[in-house]
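Data block below; observations after.
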Amino acid sequence: MTPEEVFLKLARGIGDRELAALPELYAERTDVRHPMNPYGDHPLLSRDALREHFGGTGARATEVIRFQPENIRIHQTADPEVIVAEFDYVGTVIATGEPFSASNVIVLRVRDGQIVESRDYIDHVAMTRARGLTEQLITALREPAGAPAAS
């Protein structure tokens with residue numbers, strides 16, 4: 001698969017809640033980071049770590065919100081393994097029907113059809129608000145630097 005095909009499968013798989021299948025898009029050894037995560041960047045460095053991530057954080061999110069990727073723009077780079085994808089997750093809060101949108105930029109490196117590196121820049125505040133976790137985020141932000149991260 002090309003980097004574009006892998007990205008589209010990933011973004012649509014998240015939106016379609018096919019979380020169990022997503023770790024297979026990644027190489028056994030990978031490097032996935034969320035540099036703008038207000039809870040701290042906790043690198044996911046293996047397919048098993050991604051399996052835990054999608055089964056934990058991903059599954060909890062899909063219990064309270066529904067969303068699909070929209071406004072997808074994929075940019076080629078000078079490196080054929082790397083793309084930059086801009087998109088929005090657009091959806092609703094299940095309990096209230098309230099709409100929400102969260103902007104995303106992902107820098108993705110795909111080698112031999114698998115993700116070997118990803119930098120995911122997500123509007124965590126919009127996702128936190130949609131999930132009803134604003135107070136938890138505020139509490140986490142008040143913690144001193146280096147304190148254990150919440151998820």
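Things worth noting here:
- About its Cα centre, the chain has a charge dipole of approximately 260 debye under the convention of +1 per Lys or Arg Cβ and -1 per Asp or Glu Cβ, with nothing else charged.
- A crude spin-label estimate for the pair GLU98 and ASN71, with each label 7 Å from Cα along the Cβ direction, gives 2.0 nm.
- Net +/- balance of residues flanking PHE100 in space, Cβ distance below 11 Å, scoring K and R +1, D and E -1: 0
- In the chain, a dipole from Cβ-located charges (positive for Lys and Arg, negative for Asp and Glu) runs towards its positive end, and of ILE106, HIS75, MET36 it is MET36 whose Cα lies farthest in that direction.
- Close amide H partners of ILE65, meaning residues 5 or more places away or on another chain with modelled amide H under 5 Å apart, are ILE94.
- The Cβ shell under 14 Å around ASP123 holds other residues with a net charge of -2, Lys and Arg each +1, Asp and Glu each -1.
None of the figures in this text is laboratory data; all of them are computed from the coordinates on show. Everything numeric in this text was worked out from a predicted model, so none of it was measured. Ideal geometry is used to build each Cβ from the backbone, glycine not excepted, and the neighbour counts take in all protein chains shown.
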